[in-house]
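Taken together, the values in this text are just the output of simple stated rules run on the coordinates, not laboratory data. Source: prediction; values computed, not measured. So basically every Cβ, Gly included, is an ideal-geometry build from the backbone, and we count neighbours across all protein chains shown.
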Amino acid sequence: VESSSGPLVFLCDDSSTNKGCGVSDALFRQAKKLIENSPASEEAEDARVLCLHFGWLFDSISCAAPMRAAAYEPSAPRSRALWALTARNGAAATGDESQVY
């Protein structure tokens, strides 16, 4: 029996500081290690880690499909750095453009 699990998703709020963003330095290092040890993929379901602004969840539910992660950059520096790592690993290149106007 093959088991499959989705990605670890960090949903970030509008905090513009590392202290308030909820992603500690230790958590960032662990997530970075997981990303760097994962094969690059163009498929969202293959992404191991996603770091996104919380609007992604609302838009994805509203549109009944995962939105393009590249359109949901977080505000805090550490969160943005994690988001950029996921983008480099192919995760941000998946999904549809936001349908919110």
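Worth pointing out:
- Residue-span extension gain [Ala87 to Thr17] - 0.36 nm each, minus C-alpha spacing: 23.1 nm
- Amide hydrogen neighbours beyond the local backbone of Val49, cut-off 5 Å, H modeled: Leu8
- A cut-off under 13 angstrom between Cβ atoms defines the neighbours of Gly22, and their net charge, with Lys, Arg +1 and Asp, Glu -1, is -1.
- Per-residue HN-Hα couplings for the stretch 72-82 [Karplus 6.51, -1.76, 1.60; θ = phi - 60°; Hz; x = Gly/Pro]: 10, 6, x, 8, 6, x, 5, 5, 5, 5, 5
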